[in-house]
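Working notes, beginning with the structure itself.
The values are calculated or read from the model by the stated rules, or taken from the named source; none is laboratory data. Given the structure is predicted, the values throughout are model-derived calculations rather than measurements. Note: ideal-geometry Cβ built from the backbone for every residue, glycine included; neighbour counts use all protein chains shown.
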Amino acid sequence: MQKSRGFEGELIIEIPTLAINKSRALPLIHSLYITRMGFYPKALHHYYQRPLGISKVILIYCTHGKGRIQIQNKIISISAGEIFVIPKNVPHSYVADAQNPWTIYWFHLDGNNVNDVVKAIMNDSVESVQVGFSNERNQLFKQISNTLLKGYSANNLLFANLSLSYYLSTFITTEHFQRVNDTHPVISSTDKAIKFMQENLANTLTLEEIAQSAHLSISFFSKKFKEDTGYAPIEYFNHLRIQKACQLLHFTALRINEVASAIGIDDPFYFSRLFKQQMGVSPVLYRKGETNS
């Protein structure tokens, strides 16, 4: 299994094990939730082979270029405006076209009703399905990813995964979905603090600095932040740092200590402990695993 590194504008979001367990326990989303998602633009040399498949449904939506997917002995072409959904535990491989590499939006999905996604989108087709293009669809993807990039509070997981159902509906009932309103909601103190954290992932932040970014006292801010997110501010900040570390491990050749330094942690041993605590594996094993898109 392999994938070239360094697609300009790439995105990958790896949902930590603890957050997946939380999704599995939340009544509104336990039947269908995201375990991984990403965006690969002009993904030259993108290639994966999984002889045993994986225990998740894989959705691949191509917006530019083309590629090929092999399911057992059948080769399926996928071009711009087409989608293909790979069922759980089905041997497969896929590759971007060498001359006109695909741009893809992709998800790994799980849950009690995840197999319904395959049925609803593929409708018994053994070929890629033409679904066309939609700016609204891409905005929904961005909304989901931006929500998860803010961290894995129960509210964020609920909003992202409930939005997932609407996103999927754009492939199934294209005539019914409508444009998202261009509203400008007031930014809460918690959102201000999260934005500040995201902009300072390479720094060591104190609780006082984070509270100041939201223009609140430490005691009031800490209480409100935990009420809004379910996490203490520093714990939340560490979630965001490890999320960034996952992207660096996946997309770059930085050494482990360099990844740690890039997220403001000078002690690589502490970084490894923190990473394993959140992701369930060490940074080295995470990088070697290479079992995802």
Looking at region 248-256, is at least one residue farther than 16 Å from GLU14 by Cα and assigned to a helix (DSSP H, G or I)?
yes
Condition check: at pLDDT below 95, over 23 Å from the mean Cα position of the chain (by Cα), closer than 24 Å to GLN278 by Cβ and hydroxyl-bearing (Ser, Thr, Tyr). Does THR204 satisfy that?
yes
SER145 of a type in the set (Gly, Ala, Ser), modelled with pLDDT of 95 or more and over 17 Å from LYS88 (Cβ atoms):
yes
Among LEU157, LEU109, LEU149, LEU59, the single one that is surrounded by fewer than 21 Cβ atoms within 10 Å (Cβ to Cβ), outside the structural domain of GLY230 (by TED's automatic domain parsing) and of a type outside the set (D, E, K, R) is LEU149
So which of ILE194, ILE210 ends up being modelled with pLDDT of 95 or more, outside the structural domain of ALA154 (by TED's automatic domain parsing) and surrounded by 15 or more Cβ atoms within 10 Å (Cβ to Cβ)?
ILE210
Top-ranked residue of region 65-77 - restricted to ones that are modelled with pLDDT of 95 or more and not aliphatic (A, V, I, L, M), ranked as surrounded by the most Cβ atoms within 10 Å (Cβ to Cβ)
GLY67
Of all residues in region 4-46, count the ones that are surrounded by fewer than 16 Cβ atoms within 10 Å (Cβ to Cβ), out of contact with any helix residue (DSSP H, G or I) (no Cβ under 9 Å at 6 or more places or on another chain) and of a type outside the set (Gly, Ala, Ser).
5
Condition (residue is without any contact (Cβ under 8 Å) to a residue 24 or more places away in the chain and assigned by TED's automatic domain parsing to the domain that holds LEU44) applied to region 93-100: is it met by at least one residue?
yes
Can you tell me which residue among LEU44, LEU18 is assigned to a helix (DSSP H, G or I) and at pLDDT below 95?
LEU18
Please indicate, with yes or no, whether at least one residue in region 71-87 is farther than 22 Å from ILE172 by Cα, assigned by TED's automatic domain parsing to the domain that holds THR17 and in contact with a His (Cβ under 8 Å, 6 or more places away or on another chain).
yes
Of the conditions (1) closer than 29 Å to ASN156 by Cα; (2) in contact with a strand residue (DSSP E or B) (Cβ under 9 Å, 6 or more places away or on another chain), ARG68 clears all except one; give me its number.
(1)
